[in-house]
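S.K.: I have a structure I would like to understand better, so I am pasting it below and will then ask my questions one at a time.
The values are calculated or read from the model by the stated rules, or taken from the named source; none is laboratory data. Source: prediction; values computed, not measured. Cβ placement follows ideal geometry from the backbone for every residue including glycine, while neighbour counts extend to all protein chains displayed. Accessible surface areas use protein heavy atoms only, side chains included; no ligands, DNA or RNA. Shrake-Rupley method; radii C 1.70, N 1.55, O 1.52, S 1.80 Å.
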Amino acid sequence: MKTAIVYYSMSGNTELVANKVAAYLGERNEVDVIRIIPKKAYPEKGFLKFFWGGKSAVMAEKPKLLPYEFNQDKYDRIIIGTPVWASTFAPPIRSFIDAHPGIKDKKLAAFLCYSGGGADKTFEKLKATIGVGEFEAELVLLDPKEKVSEENDDKIKHFCDIIG
């Protein structure tokens with residue numbers, strides 16, 4: 001089974017999880033990791049980080065993305081990774097979904113990384129935006145880069161075991 005892990009990461013948490021998921025799944029599947037990056041970067045610290053990122057998420061903005069390689073016809077499964085911003089997924093993920101409406105016909109899974117809260121609502125918003133009722137598997141981790149733990153690794157392995 002060919003799998004694409006498509007993710008956006010600002011502070012490295014989501015990137016860390018994407019790479020761990022790829023390593024676990026790569027033992028049994030062919031996996032491509034695709035990082036999406038907005039053309040205009042969000043501020044990475046201070047008040048502006050939360051203001052611009054939160055405003056962009058709440059307003060459901062779709063920022064332009066730097067070029068990336070993705071052909072949805074090549075993949076049986078797509079895993080989406082995103083940080084939680086203002087109780088929803090990061091705007092670059094919205095841009096990706098908008099550009100690839102056919103992903104709703106694939107096997108889908110998702111993982112979230114968060115610091116503040118709102119993860120419970122994020123999966124529902126992500127499913128509604130894609131146009132699906134369920135994901136094969138869902139994973140939520142609290143600051144996995146800063147809070148490295150065996151428990152987080154076990155959660156990642158369990159997520160991968162569910163989707164095969």
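S.K.: Can you tell me which residues in the range 125-164 are open to solvent by 60 Å² or more (accessible area, probe 1.4 Å), closer than 19 Å to residue 8 by Cβ and not small (Gly, Ala, Ser)?
M.R.: Listed by number, the residues that qualify are 125, 138, 142, 145, 146.
Yes/no matrix, rows are residues, columns are (1) at pLDDT below 95; (2) among the acidic types (Asp, Glu); (3) out of contact with any helix residue (DSSP H, G or I) (no Cβ under 6 Å at 6 or more places or on another chain):
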| residue | (1), (2), (3) |
| --- | --- |
| 17 | no, no, yes |
| 22 | no, no, yes |
| 32 | no, yes, yes |
| 37 | no, no, yes |
| 44 | yes, yes, yes |
| 50 | yes, no, yes |
| 58 | yes, no, yes |
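S.K.: Still on this structure: Restricting to the range 64-100, what's the tally of residues that are modelled with pLDDT of 95 or more and of a type in the set (Ser, Thr, Tyr)?
M.R.: 4
S.K.: Please go through the range 88-122 and give me each residue that is among the small types (Gly, Ala, Ser), assigned to a loop (DSSP other than H, G, I, E, B) and open to solvent by 10 Å² or more (accessible area, probe 1.4 Å), ordered by number.
M.R.: Of everything in the range 88-122, those that are among the small types (Gly, Ala, Ser), assigned to a loop (DSSP other than H, G, I, E, B) and open to solvent by 10 Å² or more (accessible area, probe 1.4 Å) turn out to be 115, 116, 117, 118.
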